[in-house]
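Below: one structure, written as structure tokens.
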Amino acid sequence: MVSLKSCVEQGFDVTLFEKESSIGGVWAPVAGKTWNTLHTNTSYFSSMFSDFPWPKDTELFPDQCAMYKYLNDYVDHFGIRKFIKLSSEINTVEKVNGSEWSLKWSNQQGTMTTEQFNYLIVATGVFSRAGKHDIQGLEHFNGEILNVSEYRDANLYRDKRVLVVGTSFSGAEAAGEIGTVSKYPVIQLINKPYYVVKKITNGKPIDAHLYSRELADYLSKQDPTKISDIIHAFYGSLSRENDNVQDLNPDKSLAPFLTISNSYLDRIKDKKVEILLNKECSGFDENGLLTYKKQQQEIKEKIDVIVFCDGYLCQIPFLPKEVKDKMKFIQDDKFLPLLLHKCIFCLDNPTLFFIGMYKGPSYGSMELQARWISMVMAGIIKGPTQKEIEQGIDEEQKVRDQRPRPQLPHPFHIQYCDYMARQIGIYPDDDKLQDIYKQYPQLYKLLYNNLMSVACYRLWNSIYINPNSFNESPCPIAMSNLQLLDDKIYNNSTSINVNDN
Ligand SMILES: Cc1cc2nc3c(=O)[nH]c(=O)nc-3n(C[C@H](O)[C@H](O)[C@H](O)COP(=O)(O)OP(=O)(O)OC[C@H]3O[C@@H](n4cnc5c(N)ncnc54)[C@H](O)[C@@H]3O)c2cc1C
């Protein structure tokens, strides 16, 4: 949607094809990937577009309905609904005439239509389909098996013995929610302990801790070989409550992993969620009983329901093989399925772009990606050269080859956004920053000592900054966005002290 809006702003004739009967992607109830009681794990300041603030009275961590409404309101506010074809699935894509794209799409009735476009933007998300469920002896289990995307209501499992497999964000939420209502403890099978933090930590939303410029600056000055230790210490300081939970004791020799949930940690503490490490579990025996070792004792347990929370696969079945080969696409690689330059550009395909194929706080980065490519397509700025794309893909190969793998392929979110902002000429250089500091000291504080809001990339112009426009007053919408953030989060609170640990 943000790609559509950016292209419309640049005057393109655009069509957005959506296979579901409504917009909203993972937040659309019809997509069945999120559930009513699911709230965002970062505050709405990280889940918004720069020129469309959330209403002032919004809950800090909006639920599925609020996210769905926000996205619908965004589309209506910018008048772009008319460019969207719902219930229209792209089935195949073919490159024609050297650089154009012929798309075959089907509507609800199954009617196939072929249309040709000069540019193609793939924004089908990285959460396309649940991954393969892998647990020994699963064929002997005869209870209910569901993926977390099918999970709807914890109350359905009140009287069930539930096994949750996986510990990332959805795993923690599902285990916490079910453990709160279930009469049996939930068993949660995990690969390794994570740091668990609450959505509000030390008086601030967790994204204010994780995505501050102050922290990004601090990390950029550290010895890269020490970053893992520093992050361990930092996550440890955020999740001090973990210290009292023996089951959660992250291994400092491995990369640090973090999960965010309000109820989960309390449920572990009151034994309503019991942690079971993979290495202690031998799966299901021939009678369908979960078999594991605890304190040298073999335990066999009856399970009624398994909720798999073991990640999603990215699927792009409609793209031609030669394009997938250029991106070294590996569908089963949940960490980094495709190798693109800056997560956007594909080698030898200058009219093809990818938006949102990025794991992390996605709204700000998606918006910058969309603004970047729409300006490239409009000829306002030059895109990267083939050589740069090649180098970018080589860097991504190194990211993919990392062992052990970190939690996110691209952990330096602010640097990534700043890089894109520089490409499109909206990142103030040092002189401009000094100007801002002198002219608007309060704004400087909002930009630096703050949660990194995407609003900081739209301060002086609705589409992109005219470098001469810094003398004008900053954009009121972006300013009010930043001001709201400051009022809501930072008033009467202390700033983040990264040296604390
Ligand atoms: C359970 C869950 C919780 C999450 N929580 C958060 C959170 O708290 N904060 C956050 O920032 N992010 C969160 N995310 C990440 C989420 O991916 C982003 O919020 C955002 O929705 C990504 O948008 P997207 O448009 O890139 O992808 P999606 O939302 O997945 O949208 C892709 C769209 O492409 C459509 N599509 C796919 N294939 C085709 C085709 N062949 N033809 C036509 N249409 C097609 C799909 O139907 C879908 O509507 C969460 C994700 C999940 C799964």
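Computed from the coordinates by the stated procedures, all read-outs in this text should not be read as laboratory data. Note that the structure is predicted; figures quoted are calculated from it, not measured. Here Cβ is always computed from backbone atoms with ideal geometry, including for glycine, and neighbour counts include all displayed protein chains.
Couple of notes before you dig in:
- All C-alpha to C-alpha distances of the stretch 132-310, sorted into 5 Å bins beginning at zero, yield P(r) values of 1, 8, 16, 19, 18, 14, 10, 7, 4, 2, 0, 0 percent in whole numbers.
- Which of LEU215, LEU254 has the fewest Cβ neighbours within 10 Å, and the rest in rising order: LEU254, LEU215
- When the listed pairs LYS132/LYS294; LYS198/LYS271; LYS198/LYS342; LYS33/LYS359; LYS192/LYS252; LYS324/LYS398 are checked against a 20 Å cut-off, the alpha-carbon distance exceeds it for LYS132/LYS294; LYS198/LYS342.
- Listed by Cβ neighbour count within 10 Å, with the fewest neighbours leading, LEU238, LEU120 appear as LEU120, LEU238.
- Reachable lysines, given that their alpha-carbon falls under 18 Å from the alpha-carbon of LYS321 and they are not under 8 places away in the same chain: LYS95, LYS104
- Relative exposure of THR114, THR351, THR34, judged by other C-beta atoms within 10 Å (fewest first): THR114, THR351, THR34
- For the chain, the spherically averaged projection of the C-alpha convex hull amounts to 24.8 nm².
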